[in-house]
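Colleague: Encoded as structure tokens, here's the structure I'll be asking about.
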Amino acid sequence: MDRMTIGEFARAAGLTAKALRLYDETGLVRPAEVDAHTGYRYYRDDQLDRARLIARLRMVGMPLDRIRALADLPAAARAADLLSYWRQVEADNASRRRLLGDLVSDLNHEERAMSFEKSARPRSAARSGAGSRDRQLDALVTGHRLHAVADGFGSEPTTAARALEVLTPLDTTSGTADPVRLLDQAVGEAAAVVAQLPAEENGGPGCTLAALLLGDGAAVIAHVGDSRAHLVRDGQLTRMTRDHTIVQSLIDEGRLTESEASSDPRRADLNRALVAGRTPAPDLSLHAVRPGDRFVLTTDGVHAVLAKDRLARLLVDECEPAAVADAVERAVVAAGAPDNYAVVVVDLPADR
């Protein structure tokens, strides 16, 4: 039987070397051989089926103790055990959903109305391009109150633009309103438009989305997928959104490091996006703003191409939004621009 190093075995099984070391310690997958002098672990190809099963069970969130029990069952008994596990997960989630609904209802009694009358128009700039792709599927809008980017996928070239078109009436919002509800409803309407498009075998058409709605003294951010919103304040860059990807979930659970994620083949696999046949809800957040704050929206053709430190240096530069957007575009192009890209830079007026 072929002997594999831990790295070779990890790649073949869809796991990481870090995970395999943990599974060795817990007895889930023991190495076939450990070199007495170097401590190097070696595995056999007949261990792959068990390792791949464990990898798939971890993807659905099964705890290690439960995985061990299931993996040790006869093959014919595993499906029934997995079904029983998932039925309990769904029952637990239903209970949590009821509790969460009560809590959201209680919290919604808090005053959340916001004025859309006094805020001065921010300075903003936007850049986008097809990169090395044949077509530009990304789209963006930047106005007075509404700013957004969307990253399209599938064969329909206008999906992202259609989604953003639904949001554009928010740019002329006036009076007093609940900003979270406004943006939530608008993204829901955009999702409904995309959901009505003919579905494709590859999962498209669809798009990710990140949107910023500015009012008097506050901002609301909505996002679905892996387009991102960033805040620059006092010279520091803060990421305001969490990617809706399988890899991000693994990072959050401590099962994957940032460095491992950068080369993980699943890093672009979305678990939430606006897509044909489904109407996902966005993540929403409400933030107090300060004079001089800078918001930046990017599609993954920007933040997946530029190193984190490199992007941060570009975004915290104190020059005008147009110069920042130009610098980001130049950096993406210099890095090969392997994907469509879009960036929106929005600077709030500073105190005089």
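Colleague: In segment 318-337, is there at least one residue being under 17 Å from the mean Cα position of the chain (by Cα) and either over 25 Å from D171 (Cα atoms) or surrounded by fewer than 20 Cβ atoms within 10 Å (Cβ to Cβ) (or both)?
Modeller: Keep residues of segment 318-337 that are under 17 Å from the mean Cα position of the chain (by Cα), which gives none.
No, there is no match, as no residue in segment 318-337 is under 17 Å from the mean Cα position of the chain (by Cα) and either over 25 Å from D171 (Cα atoms) or surrounded by fewer than 20 Cβ atoms within 10 Å (Cβ to Cβ) (or both).
Colleague: Criterion first (over 20 Å from L213 (Cβ atoms) and touching a residue at least 12 places away in the same chain (Cβ under 8 Å)) does G143 satisfy it? Write out each step before concluding.
Modeller: Numbers: over 20 Å from L213 (Cβ atoms): no; touching a residue at least 12 places away in the same chain (Cβ under 8 Å): yes.
When the stated conditions are applied, G143 does not pass them.
Colleague: Moving on to the next point. Tell me, please, whether a residue that is among the charged types (D, E, K, R) and touching an Asp or Glu at 6+ places or on another chain (Cβ under 8 Å) can be found in segment 322-340. Outline the logic, then answer.
Modeller: Initially, segment 322-340 is screened for residues among the charged types (D, E, K, R), giving 326, 329-330, 339.
Filter again for touching an Asp or Glu at 6+ places or on another chain (Cβ under 8 Å), leaving 339.
Yes; the residues of segment 322-340 include at least one that is among the charged types (D, E, K, R) and touching an Asp or Glu at 6+ places or on another chain (Cβ under 8 Å).
Colleague: Within segment 189-207, identify whether any single residue is part of a strand (DSSP E or B) and under 23 Å from A342 (Cα atoms), and answer yes or no. Before you say what the answer is, go through the steps one by one.
Modeller: As a first pass, look at segment 189-207 and keep what is part of a strand (DSSP E or B): 206-207.
Filter once more, so that each one left must be under 23 Å from A342 (Cα atoms): 206-207.
Yes - at least one qualifying residue is present in segment 189-207.
Colleague: Within segment 184-191, can one find any residue that is under 14 Å from V344 (Cα atoms), crowded, with 24+ Cβ neighbours inside 10 Å and either in contact with a helix residue (DSSP H, G or I) (Cβ under 9 Å, 6 or more places away or on another chain) or outside the structural domain of P122 (by TED's automatic domain parsing) (or both)?
Modeller: Taking segment 184-191 first, the residues under 14 Å from V344 (Cα atoms) are none.
No; the residues of segment 184-191 include none that is under 14 Å from V344 (Cα atoms), crowded, with 24+ Cβ neighbours inside 10 Å and either in contact with a helix residue (DSSP H, G or I) (Cβ under 9 Å, 6 or more places away or on another chain) or outside the structural domain of P122 (by TED's automatic domain parsing) (or both).
Colleague: Sticking with this structure for a sec: Here is a check on your reading of the model: is D45 acidic (D, E), touching an Asp or Glu at 6+ places or on another chain (Cβ under 9 Å) and in the same structural domain as E33 (by TED's automatic domain parsing)? Don't jump to the end; show me each part of the working.
Modeller: Numbers: acidic (D, E): yes; touching an Asp or Glu at 6+ places or on another chain (Cβ under 9 Å): yes; in the same structural domain as E33 (by TED's automatic domain parsing): yes.
When the stated conditions are applied, D45 passes them.
Colleague: Something else: Quick one: count up the residues across segment 297-309 that are loosely packed, with under 14 Cβ neighbours inside 10 Å and either in contact with a Lys or Arg (Cβ under 7 Å, 6 or more places away or on another chain) or part of a loop (DSSP other than H, G, I, E, B) (or both). Talk me through it step by step, then tell me what you get.
Modeller: Going through segment 297-309, the residues loosely packed, with under 14 Cβ neighbours inside 10 Å turn out to be 307-309.
Adding the requirement that they be either in contact with a Lys or Arg (Cβ under 7 Å, 6 or more places away or on another chain) or part of a loop (DSSP other than H, G, I, E, B) (or both) leaves 307.
Number of matching residues: 1.
Colleague: A312 versus (1) touching a strand residue (DSSP E or B) at 6+ places or on another chain (Cβ under 9 Å); (2) part of a helix (DSSP H, G or I); (3) modelled with pLDDT under 95: which is the lone unmet condition?
Modeller: (3)
The values are calculated or read from the model by the stated rules, or taken from the named source; none is laboratory data. Model, not experiment: these values are computed from the prediction. Neighbour counts run over all protein chains shown; Cβ positions are idealised from the backbone, glycine included.
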